[in-house]
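Below is one structure, written out as structure tokens; the observations come after it.
The values are calculated or read from the model by the stated rules, or taken from the named source; none is laboratory data. This structure is a prediction, so every number in the text was calculated from the model and none was measured. All Cβ positions, glycine included, derive from the backbone under ideal geometry; neighbour counts span all protein chains shown. Please note that ligands, DNA and RNA were not included when accessible areas were found on the heavy atoms of the full protein model with its side chains. Shrake-Rupley method; radii C 1.70, N 1.55, O 1.52, S 1.80 Å.
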Amino acid sequence: MDAKTVVLGVTGGIAAYKSAELVSRLRKRGYIVHVIETKNATEFVTPLTFSTMSGQPCIVDTFERPETWDVKHISLAQAADIFVIAPATANVLAKLACGIADDMLTTTVLATKAPVLVAPAMNTGMWTAPATQENMITLMKRGVYVVGPEGGKLACGDTGTGRMSEPSQIEEEIVRILEHQKDLQGLHVLVTAGATREHLDPVRFISNESSGRMGFAIAEAAMERGAEVTLIHGITSVPMPFCTKTISVESTQELYDAVTTECMKADIVIQAAAPCDYRFEQIFTQKMKKQSGEPIVLRMVENPDIAAEVGRRKHYGQTLVGFAAETEKLTEHAMQKLEKKNLDLIVANDVTKAGAGFNTETNIVTLITRDEMEPIPIMTKKELAFVILDKIIALRASI
């Protein structure tokens, strides 16, 4: 097969030094890599470094005398199988959102028809600024892929979200985009994510540790693979992906109402949310006060079973996927849930294992169907999202 061509744009952020490792990784995979640096980026890493590592001239100046008489920004735009910008500063994201083409990098990316992947990197305040977030929404609506940014200690000394994803993560995203076709094109996928809350009074509630990361990863992966995605989410603590339609809920009853309304339109329903199984029988309109040391007895009642109701409504050609977060008898409980809720696939995980379960970036699961069990080793939730979608596609092909 012909080698894939990656055009890598490097902008003026301290994370530019990581882009050299990304070039090395991509070359080792057999990809052809062309690097375009902004002038500011050359203050961090010289063009010579990227030329040496890529084996191709590093382009900086739009008006640089060409070695060949092709129009460079057009030839690179046409040659690209994927266009990557890492790091992507707030400035370049704003230019992309507005269609500004005032240097070699922005001119070339504006001209390309290839998929575009950006790896944002900036100070936390810049990342969370309304202008930056609006620009990101604009880009995602246009189909631009995004990896990161990550949380942690930043070069400026702040701690928060804004650090560029590691080269290995960016490499994984590039490989996914290049190797996964739009195999969900024309399908409507419904995904649930996050936790629900059940209030006792205006200030107290019960909930769980679900961050929404797994459901968000699945929704994002499904969008990347061409699906129309409806995301119904409860309480979450991670950045939300762009989806075709997004519905926010709080209680399990609200989740039930939203899912049962939307599920009939879906070809695939993936229920990754963690709803509370019980709610308080009585909800107090005012804050409860202490009772002079006396114990309080609170009665709880079962919430409606969302997965069971979706299973009851299942129609021909629909694929239903559930999750089973267990602390004991993992496969036994998961198989019971698979049958009881009329599921085609259940993703079972032991939340007591390190690296699995709620509020982690990784997961360890077993994929269970009526015919087989497939243990999946520890991996990031985004990686697992692709594995789950691969399994769903295989199941649908066997119908």
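Observations
- Scanning the stretch 43-76 for residues that are touching a Ser or Thr at 6+ places or on another chain (Cβ under 7 Å), part of a helix (DSSP H, G or I) and at pLDDT 85 or above, we see that the one that is surrounded by the most Cβ atoms within 10 Å (Cβ to Cβ) is 76.
- Being more than 15 Å from residue 272 (Cα to Cα) and open to solvent by less than 80 Å² (accessible area, probe 1.4 Å) is a description that does not apply to residue 360.
- For the stretch 109-133, the set of residues classified as within 21 Å of residue 5 (Cα to Cα) and in contact with a Ser or Thr (Cβ under 8 Å, 6 or more places away or on another chain) consists of 119 only.
- Candidate set from the stretch 138-164 (those that are among the β-branched types (Val, Ile, Thr) and modelled with pLDDT of 85 or more); member that is nearest to residue 182 (Cα to Cα): 144
- Count - residues of the stretch 91-119 that are of a type in the set (A, V, I, L, M, F, W, C), open to solvent by less than 20 Å² (accessible area, probe 1.4 Å) and assigned to a helix (DSSP H, G or I): 6
- Of all residues making up the stretch 361-393, the number that are free of Cβ contacts under 8 Å to residues at least 12 places away in the same chain and under 17 Å from the mean Cα position of the chain (by Cα): 1
- When residue 374 is tested against the conditions (1) modelled with pLDDT of 90 or more; (2) part of a loop (DSSP other than H, G, I, E, B), the lone failure is (2).
- When residues of the stretch 120-134 are limited to those that are surrounded by 17 or more Cβ atoms within 10 Å (Cβ to Cβ) and in a helix (DSSP H, G or I), the one farthest from the chain's Cα centre (by Cα): 126
- Exclusive hit being closer than 21 Å to residue 81 by Cα and not β-branched (Val, Ile, Thr), set 129, 111, 121: 111
- Some residue of the stretch 151-171 being among the charged types (D, E, K, R), under 16 Å from residue 7 (Cα atoms) and not in a helix (DSSP H, G or I): no
- 3 or more residues open to solvent by less than 30 Å² (accessible area, probe 1.4 Å): qualifying strands (runs of 3 or more DSSP E) within the stretch 209-273: 228-233, 268-271
- The set of residues in the stretch 184-208 being of a type outside the set (A, V, I, L, M) and part of a loop (DSSP other than H, G, I, E, B) consists of 185, 186, 194, 196, 197, 202, 207, 208.
- Of the numbered criteria (1) surrounded by fewer than 19 Cβ atoms within 10 Å (Cβ to Cβ); (2) more than 23 Å from residue 58 (Cβ to Cβ); (3) in contact (Cβ under 8 Å) with a residue 12 or more places away in the chain, the one residue 81 fails is (2).
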